[in-house]
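A.B. asks: Let me give you the structure first, and then I'll get to my questions.
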Amino acid sequence: MKTEQEPLPTSREILGRIHGRVLDAVERISTIRYGLYGLATLRIGYGLVLLSLLVVNYGDRRLLWGPESPWTLGLTEERLAQDGTFSLFALSDSGALFDVLYHAFIVLAALFLVGWRTRWVTPLLAVMVWSWHQRQPWVLDGGDDIMELILIYLSFADLSARWSLDATRAARRTTGDASTFSGPPTGSLRWRIVTILHNTALLTAMLQVCLLYMNTGLLKVRGRFWQEGTALYYALRIEDVQPFPGLSRLIYDNVFLVTAGSYAAVFIQLTFPLLMLNKVTRRVGLVAVMGMHLGIGVLMGLLSFSLIMISTDMLFVRDATYESVARYVSAVRARRRVLSQV
């Protein structure tokens with residue numbers, strides 16, 4: 001039995017559908033702020049790393065980044081001129097000025113951690129982090145580099161909509177959701193523009209992470225040790241970064257673990273952008289890459305690098321996942337309270 005074939009849509013109908021979808025997309029990105037929990041996790045992680053580094057190295061601050069550093073102010077100025085950049089810590093060789101900047105840095109990191117006035121604190125912190133790193137570039141690692149870039153992008157995002165003093169203050173002023181900036185009313189033109197900036201900044205940061213992993217994977221592919229599957233063996237044999245020599249030996253003496261770990265690291269980093277496109281593969285990819293960074297932190301003692309990367313990876317966890325976990329934890333606590341009263 002022949003069925004009547006549906007007529008092909010006209011060009012006007014096709015354009016109308018495209019126009020409708022574009023309007024829907026604009027409506028979503030201008031009214032919904034995505035990644036609020038992931039950004040809050042990143043804020044807390046970055047804040048903890050910065051605050052711990054500043055406090056732990058407080059006694060040696062002048063030797064590492066100040067006027068007593070072997071990397072003198074003259075060398076810093078020469079490098080800054082060559083790169084066409086700046087550093088607040090290179091304005092003067094005065095120890096007093098350095099201490100003022102250093103203590104201001106500590107205050108900014110603490111405010112960033114607790115989420116107080118992050119609209120203004122975040123760009124100031126981004127400038128301070130950049131200046132700090134430019135003053136002494138030889139004590140950096142890959143985590144510091146990605147933090148510099150991400151803080152610049154996220155100066156345009158709402159980092160304190162969750163788990164912050166800003167959110168608490170907003171909740172006290174309104175009876176609605178505390179996820180909005182204090183300022184323009186929800187739905188106004190200004191609010192929509194700020195929301196678009198927020199989502200654009202979040203997307204830019206996520207794309208930066210994808211490019212980082214893919215580029216790192218491509219560089220590994222070119223290395224002979226990674227091609228042979230022995231790179232993990234040599235990395236774990238470096239005595240200067242062995243907080244647990246016995247654990248490291250347990251792994252690098254196992255041929256299967258060394259080979260599988262080396263190839264898995266390359267595969268995860270090369271395919272990370274693709275893994276983030278699907279809900280199921282995203283979970284697998286995030287667990288794998290965070291496990292890799294956790295291993296780096298434990299086995300090689302690069303704790304700040306690992307915490308920075310794991311905090312950054314949390315941007316890819318959807319708000320719905322955080323809320324599901326929160327509901328589960330609340331349900332478990334409620335059951336325990338009921339059982340304790342029986």
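The values are calculated or read from the model by the stated rules, or taken from the named source; none is laboratory data. Nothing here was measured: the structure is a model prediction, and the numbers come from that model. All Cβ positions, glycine included, derive from the backbone under ideal geometry; neighbour counts span all protein chains shown. The accessibility values were calculated without ligands, DNA or RNA, using every heavy atom of the protein model including side chains. Shrake-Rupley method; radii C 1.70, N 1.55, O 1.52, S 1.80 Å.
A.B. asks: Charges only on Cβ, +1 for Lys and Arg, -1 for Asp and Glu: so what's the dipole of the chain about the Cα centre, in debye to the nearest 20?
C.D. replies: 1560 debye
A.B. asks: Still on this structure, I have one more. Just to be sure I understand the model, the point goes 7 Å from the Cα along the line to the Cβ. What's the resulting Asp99 to Asp141 distance in nm?
C.D. replies: Rounded to a tenth, the inter-label distance reads 3.1 nm.
A.B. asks: Given points 7 Å out from each Cα along the Cα-Cβ axis, report the Tyr328 to Ile251 separation in nanometres with one decimal.
C.D. replies: Going by the 7 Å Cα→Cβ label model, 2.6 nm.
A.B. asks: Under 15 Å from the Cβ of Arg61, count the other residues' Cβ atoms, weight Lys and Arg +1, Asp and Glu -1, and hand me the total.
C.D. replies: Result for the local shell: -2.
A.B. asks: In the chain, if the dipole is taken from +1 on Lys/Arg beta carbons and -1 on Asp/Glu beta carbons about the Cα centre, which of Gly47, Trp132, Gly223 is farthest to the positive end?
C.D. replies: Farthest towards the positive end: Gly47.
A.B. asks: Please work out the FRET efficiency for the pair Ala320 and Ile196, using the Cβ-Cβ distance as r and a Förster radius of 22 Å; give the result to the nearest 0.05.
C.D. replies: 0.55
A.B. asks: I would also like to ask the following. Please report, as a whole percent, how much of the solvent-accessible surface of the range 241-342 comes from carbon and sulfur atoms (probe radius 1.4 Å).
C.D. replies: 70 percent
A.B. asks: Follow-up question, since we're still on this one. Run the quick spin-label model on Thr31 and Leu189: label points 7 Å from Cα toward the beta carbon, then report their separation in nm to one decimal.
C.D. replies: Placing both labels 7 Å along Cα→Cβ, they lie 1.9 nm apart.
A.B. asks: Another question about this same structure. List the trypsin sites (Lys or Arg not before Pro) within the range 299-342 that DSSP assigns to loop and that have no more than 15 neighbouring Cβ atoms inside 10 Å.
C.D. replies: Answer in residue order: Arg318.
A.B. asks: Contour minus end-to-end for Cys210 and Arg117, with contour as 0.36 nm per residue of separation and end-to-end as the Cα-Cα distance?
C.D. replies: Once the chain is fully extended between Cys210 and Arg117, it gains 30.6 nm.
A.B. asks: Roll a 1.4 Å probe over the protein chains and send me the accessible area per residue for the chain in Å².
C.D. replies: 58 Å²
A.B. asks: With +1 assigned to the C-beta of every Lys and Arg and -1 to the C-beta of every Asp and Glu, and no other charges, what is the dipole magnitude of the range 200-342 about the Cα centre in debye, to the nearest 20?
C.D. replies: Here the range 200-342 has a charge dipole of around 620 debye.
A.B. asks: Let me ask another. Which net charge results when you count Lys and Arg as +1 and Asp and Glu as -1 among the other residues whose beta-carbon is under 14 Å from that of Leu315?
C.D. replies: +2
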